[in-house]
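One structure below.
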Amino acid sequence: MVNIAVFVSGGGTNLQSLIDACANNEINGSIKLVISNRKKAYGLERARLAGIKAEWIKDEDIIIKRLEEEQIDLIVLAGYLAIVSEKLISKYENKIINIHPSLIPSFCGEGYYGIHVHEACFKRGCKVSGATVHFVSAVVDGGPIILQRSIDISDCSSPEEIQEKILINIEHKILKEAVGLYCDNKLKVVNERVEII
Ligand code: GRF
C-alpha cells in the first residue's frame, strides 16, 4: 500500500476524487496527509471530513519533516499554488505527480495556472483542450508526462465553462487513473518519457 500525501491550495475537488477512489479500492494507496499553503483551503476541510490528517504548513522544512514522519511514498499536487523547491523535487524524484488543466506543452509554465490557463485557451479560440498528469521536475510543468486526455470545448462560451468542463470530465478521471497506475507500479520513466508497463 502506497502512502500518499496530497498538496492543495483551493477547493480540493481533485483531492476528493482521490479520497473517493481510495475508499472504493480503485487505488492501492492510502492518503495519509493533506497539506495546504492556505489555511482556509476547502481541500483541508475535505480531508478532515474524510478523517485524514489535514495541515496548514508554509515552511518547506516542516513539510519535509511531516512527509518523513508519515513515511510518504508519493506526493500529489492537486491545485497546489506554492513553489515546490528543487530540494523537495530531488528528494522525491519521480515521486511527485501534478495535474495541469491543459494539454502540455500548450498553455503551461510560468503564469499559467488555474483560470489563467483557460483564459489563454479561450482567447486563442481553441476547439479542443484537456488536462495533463505529469511527474514534477525542476522545470515548471516540464516533467515526464504520464497521462493526457482531450475534450471538445467548441461549445464553451467562457474560460469558466472550459475550466468546469475539463475539471469534471477530464481532471477528476485522469488524476486517479495516474495515481492508480503509480500505486500498481506500472509507471516507468525512460529518458524523460513515461512508459506504462
Ligand atoms: C484544477 O483545475 C487543477 O488542474 C489546477 O487547479 C485546479 C484545482 O482544482 N491545478 P481543485 O482544487 O482540485 O478543485
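The values are calculated or read from the model by the stated rules, or taken from the named source; none is laboratory data. Because the structure is a prediction, the values reported are computed rather than measured. Positions of Cβ are generated from backbone atoms using ideal geometry, with glycine treated the same way; all protein chains shown enter the neighbour counts. For the accessible areas, the whole protein counts, side chains as well, though only heavy atoms, and no ligand, DNA or RNA atoms are used. Shrake-Rupley method; radii C 1.70, N 1.55, O 1.52, S 1.80 Å.
Values as computed for the structure displayed
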{"item": "Complete set of residues in region 91-110 that are within 14 Å of the ligand (Cβ to nearest atom), touching a strand residue (DSSP E or B) at 6+ places or on another chain (Cβ under 6 Å) and open to solvent by 40 Å² or more (accessible area, probe 1.4 Å)", "result": "103"}
{"item": "Answer residue from region 1-17, given it is under 21 Å from residue 163 (Cβ atoms) and touching a helix residue (DSSP H, G or I) at 6+ places or on another chain (Cβ under 6 Å) and is surrounded by the fewest Cβ atoms within 10 Å (Cβ to Cβ) among those", "result": "11"}
{"item": "Of residues in region 59-90 being open to solvent by 90 Å² or more (accessible area, probe 1.4 Å) and within 18 Å of the chain's Cα centre (by Cα), the one nearest to the ligand (Cβ to nearest atom)", "result": "83"}
{"item": "Whichever residue in region 132-166 is part of a helix (DSSP H, G or I) and open to solvent by 70 Å² or more (accessible area, probe 1.4 Å) and, among such residues, is farthest from the ligand (Cβ to nearest atom)", "result": "161"}
{"item": "Residues being closer than 25 Å to residue 142 by Cβ and in a loop (DSSP other than H, G, I, E, B) - total across region 53-94", "result": "14"}
{"item": "Meets criteria (in contact (Cβ under 8 Å) with a residue 40 or more places away in the chain and not hydrophobic (A, V, I, L, M, F, W, C)) for residue 17", "result": "yes"}
{"item": "Single match in 17, 36, 30 (criterion: among the polar types (S, T, N, Q) and under 18 Å from residue 136 (Cβ atoms))", "result": "36"}
{"item": "Residue count for region 114-142, restricted to those that are out of contact with any Gly (no Cβ under 8 Å at 6 or more places or on another chain), over 11 Å from residue 100 (Cα atoms) and of a type in the set (Gly, Ala, Ser)", "result": "4"}
{"item": "Residues of region 113-131 classified as in a loop (DSSP other than H, G, I, E, B) and touching a residue at least 24 places away in the same chain (Cβ under 8 Å), total", "result": "4"}
{"item": "Residue within region 46-56 that is open to solvent by 70 Å² or more (accessible area, probe 1.4 Å), within 16 Å of the ligand (Cβ to nearest atom) and in contact (Cβ under 8 Å) with a residue 60 or more places away in the chain present", "result": "no"}
{"item": "Those residues of region 20-42 which are in contact with a helix residue (DSSP H, G or I) (Cβ under 7 Å, 6 or more places away or on another chain) and within 13 Å of the ligand (Cβ to nearest atom), in sequence order", "result": "34, 36"}
